[in-house]
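> Here it is, the structure, as structure tokens.
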Amino acid sequence: MPMLEVRELKKVYAPRFGGSKVHALRGVSFTLEEGEFTAVMGESGSGKTTLLNILAALDQPTEGQVLLDGGDLSRVRERDLAAFRREKLGFIFQEFNLLDTFSLKDNILLPLVLAGRRVREMEERLLPLARALELEELLGKFPYEVSGGQKQRAAVARALITQPRLVLADEPTGALDSRSAEQLLRLLGHFNGQGQTIVMVTHSIQAASHAQRVLFIKDGAISRDLRREGREESRFYTAISQALTALQAGGENRG
Amino acid sequence: MGKLYPRLALQNIRRGRQFYLPYLFTVLATCAAFYLVLALNRPELWPDSTRYVYLSSFMLIGSFVIGLFAVIFLTYTGRFLSKRRQRELGLSNILGMGKGHIALTLGFETLYLALAGIGGGLLAGMALQGVCTALLCALMDMPPIFSAAPSLSAMATTAVFFAVILLLNLLLDLARVKLQKPVELLRESAVGEKEPKTRRLLALVGLLALGGGYAIALGVASAADALVLYFPAVFLVILGTYCLFTAVSIVILKLLKKNKSFYYRPTHFIGLSGMLYRMKRNAVGLANICVLCTMVLVMVSGTLTLYAGSEALIPRRYPGEVTVSVTYDPASETPLDPDALDARFAACAQRWGYPNARKVGQAAYTSLWFVKDGDGVFREDATGSGQNRSYLYLMPYETYEERTGLSIPRDGAAHIYRDGGFAEKTLTLRFGDGAVEYPVGEPLETIPDVISALLYVGSEDYYIALPGEALAQLSQLRAQSGLGGLPLNWYAYWDLGGDPASYATALHAFPASDWSGAGQFDGLTFRDRESFAQEYYALNSGFFFLGIFLGGLFLLATVLIIYYKQLVEGYEDQARYRILRSVGMDRATIRRSVDGQLLVVFFAPLLVSAVHLAFNFPLVRWLLSLFGVYDLWLELGCTLGVFGVFLLLYAAVYRLTARAYYKIVG
């Protein structure tokens with residue numbers, strides 16, 4: 001059984017004051033196996049973010065289903081959704097979304113605190129993660145005292161500390177300089193190597209080239225599914241780049 | 001183009017109405033209050049000149065306080081509003097709006113606010129003028145006979161005064177815009193506040209100041225001391241409140257944070273770190289709220305007690321409708337003959353149309369300044385300026401017995417009442433070189449009513465009952481030392497049995513009658529209870545009115561500060577709660593966490609205010625004794641009652657504010 005199954009997902013936004021409806025997703029289907037690191041690429045307005053929001057149970061599809069471990073997301077009751085997100089999913093955002101009132105340590109522990117875990121358990125989980133993300137020295141600092149890359153590493157730690165089934169990353173390198181971005185992607189690759197399933201929405205070919213698989217989305221539908229199949233990063237980079245060019249050219253032809 | 005700026009200004013106000021409406025309301029309310037005190041302070045509208053004197057000075061004080069309050073508070077809120085807008089102004093500047101254009105926009109905004117605030121305030125003031133005059137008349141126990149016509153001069157003064165304040169605020173605003181570069185403007189509100197350090201020195205200063213203030217409150221042992229030390233104590237307590245809120249609140253929060261099993265719980269986690277994060281600002285805000293709450297409580301409860309207490313004072317001070325008083329020397333060859341004087345008064349009363357006049361009581365006493373020469377030894381100090389002075393009330397046994405209904409054994413001893421007791425075995429009174437010593441008998445249980453209703457001076461007062469002969473003997477001794485005979489005051493209390501309103505005029509004519517043949521005396525005086533009561537009510541109701549008036553105004557300030565504080569924090573927290581929801585915090589937990597924070601913000605200052613109020617209580621009791629009020633139960637009842645009402649109002653504000661906050665973050 002695939003870990004995540006997306007079936008014929010459609011999302012239609014009806015404008016508030018009449019006008020034509022917007023089809024953000026027009027029937028997206030794919031499956032993810034456990035341990036996959038998948039990038040979703042596409043231009044602005046292609047429907048990437050809508051897809052991610054639906055996967056995160058922040059938004060409801062108009063049609064179609066999302067099955068996580070065989071369970072339908074739309075069946076999770078409203079009042080259990082927060083706990084569901086907290087326990088099954090981890091989030092990494094472009095703007096980090098760290099709370100400036102908390103130290104990095106407390107930011108990382110936040111989901112565990114919300115889940116009501118014991119202090120000892122929290123600290124046991126925190127230490128190895130902080131070590132792997134090279135955050136040990138920074139735990140006592142506040143977000144405004146550290147760099148963007150450090151913030152994003154703390155955000156990764158926050159996403160991973162609940163040991164979620166699936167990590168959803170929305171343009172995680174979007175606000176980082178290239179060195180920090182590279183470091184972050186290596187870390188994501190490292191956690192993927194340890195079996196963590198990751199879905200990452202990105203614009204950046206460099207970011208996508210760290211994934212095992214790239215889904216190209218265009219006009220609300222999957223237009224191509226590119227797998228790495230053992231290629232080196234630089235060769236995968238070229239392949240993605242070519243696929244993108246072809247996709248854009250195709251779009252122009254059609255348009 | 002010419003209409004752009006007025007329109008832009010109007011738009012800005014409408015868009016920021018959550019912030020501007022309360023500000024407008026503040027301008028309006030302070031403006032109305034200022035107009036009212038000015039309009040009520042007009043001699044030509046008041047029929048009775050003696051009462052007017054008190055009222056006028058109260059209203060004058062009121063207009064000063066309200067004026068000062070208006071300057072401080074409007075500048076404070078104005079600054080707060082403009083700080084919020086720094087970013088927006090910076091952005092307009094970057095987008096190409098020149099500083100002149102910004103100034104024009106701000107100018108129009110101020111113009112609109114001024115027109116609406118001052119105009120509305122004057123209208124509200126005029127509308128309330130009738131109610132206030134009626135209330136004042138009711139408090140003063142007199143018919144509403146004076147006019148509530150609007151006062152043009154009060155209107156003009158108010159309009160000019162508030163226009164100047166708003167103009168100054170505008171200039172301050174403009175100066176701030178001019179001083180900054182666009183980039184700085186943009187950055188202004190994004191700077192994070194660092195987690196505050198524990199400040200031991202501040203905590204120590206706060207502790208000393210507050211302890212000092214409280215120690216004064218507990219240590220004061222006389223009304224005179226209370227009067228002198230009241231404002232120093234208030235100052236110390238206010239200083240202490242600010243220091244302690246800043247230092248101690250941080251210490252407490254840090255301790256709570258260190259306790260991991262407390263801190264790492266969903267509801268505590270968010271609130272605690274949030275409060276710690278903005279503690280410095282928070283602390284000043286909380287201290288402001290606390291100080292204002294305390295002011296309202298102290299002012300209203302004090303003036304209410306005074307007002308409620310006046311009723312009880314009058315019959316103690318005037319046991320009869322009319323008091324006849326003379327001064328005489330008990331050692332003179334033909335001393336006062338009380339019975340003869342009473343007969344003359346009865347005859348006089350009959351002649352003036354009061355055939356049913358009836359004597360209801362009498363008293364005799366004298367009071368002199370003495371200096372303590374040793375334990376139980378007092379020397380009269382007529383110079384009146386030495387240190388260590390005591391006020392001695394001397395009265396015959398009979399006066400004590402009649403005015404208290406208690407009895408004294410006829411043992412020839414001095415019976416003494418003093419706060420804190422009198423430990424000595426003998427009492428020695430010295431006049432010049434002469435001295436006389438009395439054994440000290442059983443202490444007196446209380447102070448006679450007519451004496452206790454006088455201005456009460458303090459713990460260094462002695463109330464001494466002596467045998468009648470002893471007073472004559474003292475008088476001789478005093479005369480020998482060159483000070484003259486003892487000036488004993490004698491009072492007779494009468495009910496005339498007529499219309500009390502007629503007494504004042506009638507008593508005016510009394511001294512012209514024949515008063516000869518009643519012995520040697522001077523200073524024959526007649527006073528009627530009705531006139532005293534009216535004057536007394538005028539004094540106390542003026543106080544009370546001002547107390548309610550200023551109390552209401554300070555309450556408004558408190559409410560506004562709380563409201564703004566929560567509103568601003570709500571907007572700051574908006575983003576935070578969005579993040580929290582996205583990482584899996586559910587609404588119920590958010591609600592609980594917000595509730596916890598709000599409860600602390602509201603009720604921590606109130607709790608401290610309650611403690612302040614408790615320590616203020618003994619001090620105010622001394623002050624009230626200056627007005628002849630010392631009824632513990634009345635004072636306690638008034639204070640607790642005012643606190644209760646305040647609590648209700650405060651809880652209502654809490655609910656409203658909490659709702660506004662949820663609406664923002666929810």
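The values are calculated or read from the model by the stated rules, or taken from the named source; none is laboratory data. Please read these numbers as outputs of a predicted model, since none were measured by experiment. Positions of Cβ are generated from backbone atoms using ideal geometry, with glycine treated the same way; all protein chains shown enter the neighbour counts. For accessibility, only protein heavy atoms count, side chains too; no ligands or nucleic acids. Shrake-Rupley method; radii C 1.70, N 1.55, O 1.52, S 1.80 Å.
> Six or more apart or on different chains, Cβ under 9 Å: which pairs go from a residue in the range A:52-68 that's without any contact (Cβ under 8 Å) to a residue 40 or more places away in the chain to one that's part of a loop (DSSP other than H, G, I, E, B) and surrounded by fewer than 18 Cβ atoms within 10 Å (Cβ to Cβ)? Could you list them?
Close Cβ pairs satisfying both conditions: A:Asn53/A:Asp59; A:Ala57/A:Val76.
> Just give me the residues in the range A:56-92 being facing chain B (nearest Cβ under 9 Å), in a loop (DSSP other than H, G, I, E, B) and open to solvent by 40 Å² or more (accessible area, probe 1.4 Å), in sequence order.
Listed by number, the list holds a single entry, A:Leu58.
> Can you name the number of the only condition in (1) touching a residue at least 24 places away in the same chain (Cβ under 8 Å); (2) on the phi > 0 side of the Ramachandran plot that B:Gly584 fails?
(1)
> Restricting to the range A:225-242, name every residue that is surrounded by fewer than 16 Cβ atoms within 10 Å (Cβ to Cβ) and under 30 Å from A:Lys11 (Cβ atoms).
Those that are surrounded by fewer than 16 Cβ atoms within 10 Å (Cβ to Cβ) and under 30 Å from A:Lys11 (Cβ atoms): A:Asp225, A:Arg227, A:Ser241, A:Gln242.
A quick yes/no check of all residues on (1) under 22 Å from B:Arg17 (Cβ atoms); (2) surrounded by 15 or more Cβ atoms within 10 Å (Cβ to Cβ); (3) touching a helix residue (DSSP H, G or I) at 6+ places or on another chain (Cβ under 8 Å):
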{"residue": "B:Leu74", "(1), (2), (3)": "yes, yes, yes"}
{"residue": "B:Arg84", "(1), (2), (3)": "yes, yes, yes"}
{"residue": "B:Ile94", "(1), (2), (3)": "no, no, yes"}
{"residue": "B:Ile102", "(1), (2), (3)": "yes, yes, yes"}
{"residue": "B:Gly107", "(1), (2), (3)": "yes, yes, yes"}
{"residue": "B:Ile118", "(1), (2), (3)": "yes, yes, yes"}
{"residue": "B:Val131", "(1), (2), (3)": "no, no, no"}
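Conditions tested, residue by residue: (1) assigned to a helix (DSSP H, G or I); (2) open to solvent by 20 Å² or more (accessible area, probe 1.4 Å).
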position: B:Leu394; (1), (2): no, no
position: B:Glu398; (1), (2): yes, yes
position: B:Pro409; (1), (2): no, yes
position: B:Gly421; (1), (2): no, yes
position: B:Glu424; (1), (2): no, yes
position: B:Thr446; (1), (2): no, yes
position: B:Ala465; (1), (2): no, no
position: B:Gln473; (1), (2): yes, yes
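> Which residues, taken from the range B:119-144, are in contact with a Leu (Cβ under 8 Å, 6 or more places away or on another chain) and either modelled with pLDDT of 85 or more or farther than 29 Å from B:Tyr536 by Cα (or both)?
B:Gly120, B:Gly121, B:Ala124, B:Gly125, B:Leu128, B:Gln129, B:Cys132
> What pairs can you find where one residue is in the range B:62-77 and of a type outside the set (A, V, I, L, M, F, W, C), the other is surrounded by fewer than 17 Cβ atoms within 10 Å (Cβ to Cβ), and their Cβ atoms are less than 9 Å apart, with a gap of 6+ or different chains?
Cβ pairs passing all conditions: B:Thr75/B:Leu168; B:Thr75/B:Leu172.
> Mind listing just one residue for me: the one in the range B:571-627 that is in a loop (DSSP other than H, G, I, E, B) and either under 30 Å from B:Arg317 (Cβ atoms) or not aliphatic (A, V, I, L, M) (or both) and, of those, least open to solvent (accessible area, probe 1.4 Å)? Working first, answer last.
Of all residues in the range B:571-627, those in a loop (DSSP other than H, G, I, E, B) come to B:583-586, B:626-627.
After this cut, where a residue has to be either under 30 Å from B:Arg317 (Cβ atoms) or not aliphatic (A, V, I, L, M) (or both) as well, the list is B:584, B:586, B:626-627.
Details: B:Gly584: 0, B:Asp586: 47, B:Leu626: 44, B:Phe627: 61 Å².
If we take residues in the range B:571-627 being in a loop (DSSP other than H, G, I, E, B) and either under 30 Å from B:Arg317 (Cβ atoms) or not aliphatic (A, V, I, L, M) (or both), then B:Gly584 is least open to solvent (accessible area, probe 1.4 Å).
> Just one of B:Leu619, B:Leu580 is more than 14 Å from chain A (Cβ to nearest Cβ) and of a type outside the set (Lys, Arg); which is it? I'd like the intermediate steps shown before the answer.
Details: B:Leu580 fails: more than 14 Å from chain A (Cβ to nearest Cβ).
Selected residue: B:Leu619, the only one of B:Leu619, B:Leu580 that is more than 14 Å from chain A (Cβ to nearest Cβ) and of a type outside the set (Lys, Arg).
> Within the range B:195-215, identify whether any single residue is outside the structural domain of B:Glu109 (by TED's automatic domain parsing), at pLDDT 90 or above, over 30 Å from B:Asn282 (Cα atoms) and among the hydrophobic types (A, V, I, L, M, F, W, C), and answer yes or no.
No, because not a single residue in the range B:195-215 is outside the structural domain of B:Glu109 (by TED's automatic domain parsing), at pLDDT 90 or above, over 30 Å from B:Asn282 (Cα atoms) and among the hydrophobic types (A, V, I, L, M, F, W, C).
> Here's a follow-up. Could you identify the single residue in B:Ser147, B:Ser151 that is closer than 27 Å to B:Ala538 by Cα, modelled with pLDDT under 90 and buried (at least 21 other Cβ atoms within 10 Å of the Cβ)? Break it down stepwise before answering.
On the way: B:Ser147 fails: buried (at least 21 other Cβ atoms within 10 Å of the Cβ).
Result of the check over B:Ser147, B:Ser151: B:Ser151.
> Could you list all residues from the range B:478-508 that are open to solvent by less than 30 Å² (accessible area, probe 1.4 Å) and in a helix (DSSP H, G or I)?
Hits for the range B:478-508 are B:Arg478, B:Tyr503, B:Ala506, B:Leu507.
> Considering (1) of a type outside the set (Asp, Glu); (2) under 20 Å from A:Leu4 (Cα atoms); (3) modelled with pLDDT under 90, say which one A:Ala115 fails and leave the rest.
(2)
> To continue, here is another question. Residues B:Gly274, B:Gly285: which one is out of contact with any Cys (no Cβ under 7 Å at 6 or more places or on another chain), within 14 Å of chain A (Cβ to nearest Cβ) and surrounded by 21 or more Cβ atoms within 10 Å (Cβ to Cβ)? Give the derivation first.
On the way: B:Gly285 fails: within 14 Å of chain A (Cβ to nearest Cβ).
Only one candidate qualifies: B:Gly274.
> Another question, then. Provide a single number: the residues in the range A:94-130 that are within 21 Å of A:Leu176 (Cβ to Cβ), open to solvent by 30 Å² or more (accessible area, probe 1.4 Å) and more than 8 Å from chain B (Cβ to nearest Cβ).
The qualifying residues number 2.
> Tell me the residue from B:Ala588, B:Ala575 that is within 14 Å of chain A (Cβ to nearest Cβ), modelled with pLDDT under 85 and within 18 Å of B:Met275 (Cα to Cα), please. Show your work before the answer.
On the way: B:Ala588 fails: within 18 Å of B:Met275 (Cα to Cα).
Just a single option satisfies the conditions, and that option is B:Ala575.
> How about the range A:141-179: which of its residues are within 12 Å of another protein chain (Cβ to nearest Cβ) and among the basic types (Lys, Arg)?
Result: A:Lys141, A:Arg158.
> Let me ask something else about it. Starting from residues that are in contact with a Leu (Cβ under 7 Å, 6 or more places away or on another chain) and open to solvent by less than 40 Å² (accessible area, probe 1.4 Å), keep the ones in the range B:537-546 and report whichever is farthest from the other protein chains (Cβ to nearest Cβ).
Taking the range B:537-546 as the starting set, the residues that turn out to be in contact with a Leu (Cβ under 7 Å, 6 or more places away or on another chain) are B:538, B:540-545.
Narrowing further to those that are open to solvent by less than 40 Å² (accessible area, probe 1.4 Å): B:538, B:540-542, B:544-545.
On the way: B:Ala538: 56, B:Asn540: 51, B:Ser541: 51, B:Gly542: 50, B:Phe544: 46, B:Phe545: 47 Å.
Filtering the range B:537-546 for residues that are in contact with a Leu (Cβ under 7 Å, 6 or more places away or on another chain) and open to solvent by less than 40 Å² (accessible area, probe 1.4 Å), the one farthest from the other protein chains (Cβ to nearest Cβ) comes out as B:Ala538.
> Could you count how many residues in the range B:321-365 are under 43 Å from the mean Cα position of the chain (by Cα) and without any contact (Cβ under 8 Å) to a residue 24 or more places away in the chain?
Residues in the range B:321-365 being under 43 Å from the mean Cα position of the chain (by Cα) and without any contact (Cβ under 8 Å) to a residue 24 or more places away in the chain: 0 in total.
> Taking A:Glu33, is it modelled with pLDDT of 90 or more and either in contact with a Pro (Cβ under 6 Å, 6 or more places away or on another chain) or of a type in the set (A, V, I, L, M, F, W, C) (or both)?
Numbers: modelled with pLDDT of 90 or more: yes; either in contact with a Pro (Cβ under 6 Å, 6 or more places away or on another chain) or of a type in the set (A, V, I, L, M, F, W, C) (or both): yes.
Spelling it out, A:Glu33 is indeed modelled with pLDDT of 90 or more and either in contact with a Pro (Cβ under 6 Å, 6 or more places away or on another chain) or of a type in the set (A, V, I, L, M, F, W, C) (or both).
Table: residues versus (1) under 29 Å from A:Arg118 (Cβ atoms); (2) at pLDDT 85 or above.
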{"residue": "B:Cys243", "(1), (2)": "no, yes"}
{"residue": "B:Ile250", "(1), (2)": "yes, no"}
{"residue": "B:Tyr277", "(1), (2)": "yes, no"}
{"residue": "B:Leu292", "(1), (2)": "no, yes"}
{"residue": "B:Val300", "(1), (2)": "no, yes"}
{"residue": "B:Glu311", "(1), (2)": "no, no"}
{"residue": "B:Ile314", "(1), (2)": "no, yes"}
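> Mind listing whichever residues of the range B:639-666 are among the hydrophobic types (A, V, I, L, M, F, W, C), farther than 14 Å from B:Val559 by Cβ and in contact with a Phe, Trp or Tyr (Cβ under 9 Å, 6 or more places away or on another chain)?
Correct list: B:Ile664, B:Val665.
> In the list B:Ser261, B:Ser310, which residue meets the criterion of being polar (S, T, N, Q), free of Cβ contacts under 8 Å to residues at least 12 places away in the same chain and either within 14 Å of another protein chain (Cβ to nearest Cβ) or out of contact with any Pro (no Cβ under 9 Å at 6 or more places or on another chain) (or both)? Give the steps one after another, and end with the answer.
Values: B:Ser310 fails: free of Cβ contacts under 8 Å to residues at least 12 places away in the same chain.
Going through B:Ser261, B:Ser310 in turn, just one is polar (S, T, N, Q), free of Cβ contacts under 8 Å to residues at least 12 places away in the same chain and either within 14 Å of another protein chain (Cβ to nearest Cβ) or out of contact with any Pro (no Cβ under 9 Å at 6 or more places or on another chain) (or both): B:Ser261.
> Can you name the condition, by its number, that B:Leu394 falls short on among (1) more than 17 Å from B:Tyr491 (Cα to Cα); (2) in contact with a helix residue (DSSP H, G or I) (Cβ under 9 Å, 6 or more places away or on another chain)?
(1)
> Consider A:Phe30 against the criteria (1) open to solvent by less than 30 Å² (accessible area, probe 1.4 Å); (2) within 12 Å of chain B (Cβ to nearest Cβ); (3) not in a loop (DSSP other than H, G, I, E, B); (4) not small (Gly, Ala, Ser): it satisfies all of them except one. Which criterion is unmet?
Only one criterion is unmet by A:Phe30, namely (2).
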